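Enquirer: Following this message is one structure expressed as structure tokens.
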Amino acid sequence: MNIVACVKQVPDTEAQIKVKADGTGIEEGGIKWVMNPYDEYGVEEALKLKEKLGGEVTVVSVGPARAMETIRTALAMGADKGIHIDDAALNNADAFTVASALCAAVKSLSCDVVFCGQRAIDDDSGQVGAILAELLGVPQVTMATKMELADNVAKVTKSIEGAQVVMEVQLPCVITTTKGLNEPRYASLPGIMKAKKKPVDVKTGADFGVSAELKAQVVKVLPPPARPPGKVLKADDTPEGKAAELAKALREEAKVI
Amino acid sequence: MGNGVFFVAEQRDGALRKVSFELASTARKLADALGVEACGIICGSGVSGLAADLGKYGADKVFVVDNAALEPYTTSAHTQAVATVAKDNGAVILLLAASAQGKDLSARLVGKLATGMASDCTEVRIDGGKLVATRPMYSGKCFGEVVIAGSPQMASLRPNVFTAVESGKAGAVTSVNVAIEPGKVKVLEVVKEASGKVDVTEANVIVSGGRGMKDAAGFAVLEELAGVLGGAVGASRAAVDAGWRAQSDQVGQTGKVVSPNLYIACGISGAIQHLAGMSSSKYIVAVNKDAEAPIFARADYGIVDDLFKVVPALTAECKKLVG
């Protein structure tokens, strides 16, 4: 079984995001970069499938030079090899362009299942997995929380508002992964040592025939709107008094209850 | 021919979801700014009866694709139906809901139509004849303004953010036949959660608990308050990771991003990744023993006290007001 896990390097969830003064992006200084948490579930699921069924796990990432760290993290977790698409023209590319680059990389391998995180926690687009599936001409299941595989058919569960949907999907397919699917492993020390020697192909967009003709563009990045300072409620200095003051404020000022 | 602003209405079990009306009224606004028609698309089986309601909320026309192959929802069948209607009728803008189903469908359509999309938008407008969409990035730690060079210009709208406005007009309904090729995904089962449970992404009121709830049983006081307010119970990552609440309740950068009218954070200190997930709430209330908790910096109303005393008292007060 050949499995691909797509990964992206993103700022850690605890990172403070500062917008550049000219609104062209965010200040990258001081940010701790990590593997997108949703991609970790994809890497873990890929490794579990490999352990059960044999085969090879390839990690693919589109990103600048530092994204190599994230590829190495996946290799240290147990993936076999990597493809790093490092091209300045793709750094702020839209979902369609990134998916096109991933598609070319996936097609260069013969692949049964592709995992992508359901969204990257930086741009929050949540589009790449499904676009990739369309470009590959294969079915998709997005936001998988459970997966079992037998005889080239995957049984996958996803959550929708107020319900769980259980589906059967034929391989090859793209699965986008979310919390609940598994508990991603940590890289072991021997794993980290081994990862240094695992092969990673570094490619450009041109190598895969991908040009960055953007279909969607972030023209301006803005800080979140400022919130007016709040009120601390202290009536009577008792829990009951404060609760009554709050209920009144929510009813009469905010008009939300 | 048309050049209309199109939107995909979402229905489940033969009823339109609330976000469909938000989409209709938003499409109406954009269509007025461009001087074109607002057009709805409904896909499903036995759904033609739903079309009239979309007219009331602003659709000039509603295209109904009624086909047994469209029920239950599968990505492939709905992509074929929507792509065909949008292309054949000259959609310049195509809006979908950023719901579970809408996210799945809209992204596949981006691939199929080879265009671009602004996902999970909180604001859309027309500027110079083009769609400009504002959307949270880094779960709301900053915002991006997006323009789409591809066609149609696609955007998915965050549920609960846009206003549905009833105009009382009836839209023209057109039935469309689309030949649906069989897909490679089969829905085996849809398991519904306990009836009456509101999902956090769709709730007007969310009562959320964190580490301060102490254990799973602690959430009972929040359930009660949410019950009185007709809301949903949410949870911080700490509470979910401790196994006190289901993952589907998690609010934050690695959970759900929510925008209710009222968000009541109880025993939540306000880690930045949690704040990211709920900062677009219209009103935020924080109840926490620790006066220094960062959540208070984001709250419109704060109470520094024991939540196990405050919340039951608040429930009693709310009962008086809304009961």
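The values are calculated or read from the model by the stated rules, or taken from the named source; none is laboratory data. As the structure is a computational prediction, the values presented were derived from the model and not from experiment. For neighbour counting, all protein chains shown are included, and Cβ atoms are generated from backbone atoms with ideal geometry for every residue, glycine included.
Enquirer: So which residues in region B:299-318 are assigned to a loop (DSSP other than H, G, I, E, B) and either touching a helix residue (DSSP H, G or I) at 6+ places or on another chain (Cβ under 6 Å) or modelled with pLDDT under 95 (or both)?
Expert: Residues of region B:299-318 that are assigned to a loop (DSSP other than H, G, I, E, B), as a first pass: B:299-300, B:305-306.
Selection gives B:ASP305 alone.
Enquirer: Ok, one more. Here are some conditions: (1) facing another protein chain (nearest Cβ under 8 Å); (2) buried (at least 21 other Cβ atoms within 10 Å of the Cβ); (3) not aliphatic (A, V, I, L, M). B:LYS309 meets all but one. Which one does it not meet?
Expert: The single condition B:LYS309 does not satisfy is (2).
Enquirer: While we're here: Taking B:LEU157 as the residue in question, decide whether it is in contact (Cβ under 8 Å) with a residue 60 or more places away in the chain, touching a Leu at 6+ places or on another chain (Cβ under 8 Å) and either surrounded by 24 or more Cβ atoms within 10 Å (Cβ to Cβ) or in the same structural domain as B:ALA271 (by TED's automatic domain parsing) (or both).
Expert: Working: in contact (Cβ under 8 Å) with a residue 60 or more places away in the chain: yes; touching a Leu at 6+ places or on another chain (Cβ under 8 Å): yes; either surrounded by 24 or more Cβ atoms within 10 Å (Cβ to Cβ) or in the same structural domain as B:ALA271 (by TED's automatic domain parsing) (or both): yes.
Yes, satisfied.
Enquirer: Which of the following residues is away from chain B (no Cβ under 14 Å) and either free of Cβ contacts under 8 Å to residues at least 40 places away in the same chain or aliphatic (A, V, I, L, M) (or both): A:LYS203, A:LYS146, A:LYS197? Walk me through it before giving the result.
Expert: Numbers: A:LYS203 fails: either free of Cβ contacts under 8 Å to residues at least 40 places away in the same chain or aliphatic (A, V, I, L, M) (or both); A:LYS146 fails: away from chain B (no Cβ under 14 Å).
That would be A:LYS197, the only listed residue that is away from chain B (no Cβ under 14 Å) and either free of Cβ contacts under 8 Å to residues at least 40 places away in the same chain or aliphatic (A, V, I, L, M) (or both).
Enquirer: Being more than 9 Å from chain A (Cβ to nearest Cβ), buried (at least 22 other Cβ atoms within 10 Å of the Cβ) and at pLDDT below 95 narrows it down to one of B:VAL233, B:VAL258, so name that one.
Expert: Working: B:VAL233 fails: at pLDDT below 95.
After ruling out the rest, the residue left standing is B:VAL258.
Enquirer: I would also like to ask the following. Starting from residues that are more than 12 Å from every other protein chain (Cβ to nearest Cβ) and more than 22 Å from B:LYS141 (Cβ to Cβ), keep the ones in region B:267-293 and report whichever is surrounded by the most Cβ atoms within 10 Å (Cβ to Cβ).
Expert: Checking each candidate, the answer is B:GLY267.
Enquirer: Right, next: Given the structure, is A:ILE71 in contact (Cβ under 8 Å) with a residue 60 or more places away in the chain, closer than 15 Å to A:PHE115 by Cβ, among the β-branched types (Val, Ile, Thr) and in contact with a Lys or Arg (Cβ under 8 Å, 6 or more places away or on another chain)? Please lay out each step first, then the result.
Expert: Numbers: in contact (Cβ under 8 Å) with a residue 60 or more places away in the chain: yes; closer than 15 Å to A:PHE115 by Cβ: yes; among the β-branched types (Val, Ile, Thr): yes; in contact with a Lys or Arg (Cβ under 8 Å, 6 or more places away or on another chain): no.
So A:ILE71 does not fit the description; no.
Enquirer: Can you find, within region A:193-210, the residue that is farthest from the chain's Cα centre (by Cα) among those that are surrounded by 13 or more Cβ atoms within 10 Å (Cβ to Cβ) and in a loop (DSSP other than H, G, I, E, B)? Before the answer, list the steps.
Expert: Quick first cut of region A:193-210, residues surrounded by 13 or more Cβ atoms within 10 Å (Cβ to Cβ) only: A:194-195, A:198, A:200-205, A:207-208, A:210.
Remaining after also requiring in a loop (DSSP other than H, G, I, E, B): A:198, A:204-205, A:210.
Working: A:LYS198: 23, A:THR204: 21, A:GLY205: 20, A:VAL210: 21 Å.
For region A:193-210, the residue satisfying everything is A:LYS198.
Enquirer: Determine which single condition A:GLN217 fails, assuming it passes every other condition in (1) more than 7 Å from chain B (Cβ to nearest Cβ); (2) of a type in the set (S, T, N, Q); (3) over 17 Å from A:VAL43 (Cβ atoms).
Expert: (1)
Enquirer: Residues A:ALA120, A:ALA88, A:ALA101: which one is small (Gly, Ala, Ser), buried (at least 20 other Cβ atoms within 10 Å of the Cβ) and more than 11 Å from chain B (Cβ to nearest Cβ)? I'd like the intermediate steps shown before the answer.
Expert: Numbers: A:ALA120 fails: more than 11 Å from chain B (Cβ to nearest Cβ); A:ALA88 fails: buried (at least 20 other Cβ atoms within 10 Å of the Cβ).
The unique qualifying residue is A:ALA101.
Enquirer: Considering (1) more than 20 Å from B:ILE42 (Cβ to Cβ); (2) surrounded by fewer than 20 Cβ atoms within 10 Å (Cβ to Cβ); (3) within 14 Å of chain A (Cβ to nearest Cβ), say which one B:GLY183 fails and leave the rest.
Expert: (1)
Enquirer: Right, A:GLU161: at pLDDT 95 or above and either at negative phi or of a type in the set (A, V, I, L, M) (or both) or not?
Expert: Values: at pLDDT 95 or above: no; either at negative phi or of a type in the set (A, V, I, L, M) (or both): yes.
In short, no.
Enquirer: Answer yes or no as to whether B:GLY128 is within 14 Å of another protein chain (Cβ to nearest Cβ), on the phi > 0 side of the Ramachandran plot and surrounded by fewer than 18 Cβ atoms within 10 Å (Cβ to Cβ). Steps first, please.
Expert: Working: within 14 Å of another protein chain (Cβ to nearest Cβ): yes; on the phi > 0 side of the Ramachandran plot: yes; surrounded by fewer than 18 Cβ atoms within 10 Å (Cβ to Cβ): yes.
Answer is yes for this residue.
Enquirer: If you scan region A:113-125, which residues turn out to be under 9 Å from the mean Cα position of the chain (by Cα) and either touching a residue at least 40 places away in the same chain (Cβ under 8 Å) or not in a loop (DSSP other than H, G, I, E, B) (or both)?
Expert: Result: A:CYS116, A:GLY117, A:GLN118, A:ARG119, A:ALA120, A:ILE121, A:ASP122.
Listed here are the residues, each with its yes/no results for (1) free of Cβ contacts under 8 Å to residues at least 40 places away in the same chain; (2) of a type outside the set (A, V, I, L, M, F, W, C).
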position	(1), (2)
B:ALA170	no, no
B:THR174	no, yes
B:GLU181	no, yes
B:GLY196	yes, yes
B:GLU202	no, yes
B:VAL205	no, no
B:ALA216	yes, no
B:LEU222	no, no
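Enquirer: Hey, does region A:156-175 have a residue that's of a type in the set (Gly, Ala, Ser), assigned by TED's automatic domain parsing to the domain that holds A:GLN16 and not in a loop (DSSP other than H, G, I, E, B)?
Expert: Here is the first cut: in region A:156-175, the residues of a type in the set (Gly, Ala, Ser) are A:159, A:162-163.
Now drop any that are not assigned by TED's automatic domain parsing to the domain that holds A:GLN16, which leaves A:159, A:162-163.
Then keep just the ones that are not in a loop (DSSP other than H, G, I, E, B); that gives A:159, A:163.
Yes: one or more hits.
Enquirer: Somewhere in region B:237-246, is a residue touching a residue at least 40 places away in the same chain (Cβ under 8 Å) and either more than 9 Å from every other protein chain (Cβ to nearest Cβ) or outside any loop (DSSP other than H, G, I, E, B) (or both)? Explain how you work it out, then say what you get.
Expert: If we filter region B:237-246 for residues that are touching a residue at least 40 places away in the same chain (Cβ under 8 Å), which is where we start, we get none.
Looking through region B:237-246, none of the residues is touching a residue at least 40 places away in the same chain (Cβ under 8 Å) and either more than 9 Å from every other protein chain (Cβ to nearest Cβ) or outside any loop (DSSP other than H, G, I, E, B) (or both).
Enquirer: Looking at this structure, is A:SER108 over 23 Å from B:TYR138 (Cα atoms) and not aliphatic (A, V, I, L, M)? Step through it out loud before you land on a result.
Expert: Numbers: over 23 Å from B:TYR138 (Cα atoms): yes; not aliphatic (A, V, I, L, M): yes.
Considered against the rule, which asks whether it is over 23 Å from B:TYR138 (Cα atoms) and not aliphatic (A, V, I, L, M), A:SER108 comes out as yes.
Enquirer: Right, something else. Find all pairs meeting these conditions: Cβ atoms under 8 angstrom apart; at least six residues apart or on different chains; first residue within region B:115-141 and assigned by TED's automatic domain parsing to the domain that holds B:VAL36; second residue of a type in the set (Asp, Glu) and crowded, with 24+ Cβ neighbours inside 10 Å.
Expert: So the pair list comes out as B:GLY116/A:ASP94; B:ARG135/B:ASP120; B:PRO136/B:ASP120.
Enquirer: Here is a follow-up. Kindly indicate whether B:GLU166 is over 20 Å from A:ALA130 (Cβ atoms) and part of a strand (DSSP E or B).
Expert: Criteria not met by B:GLU166.
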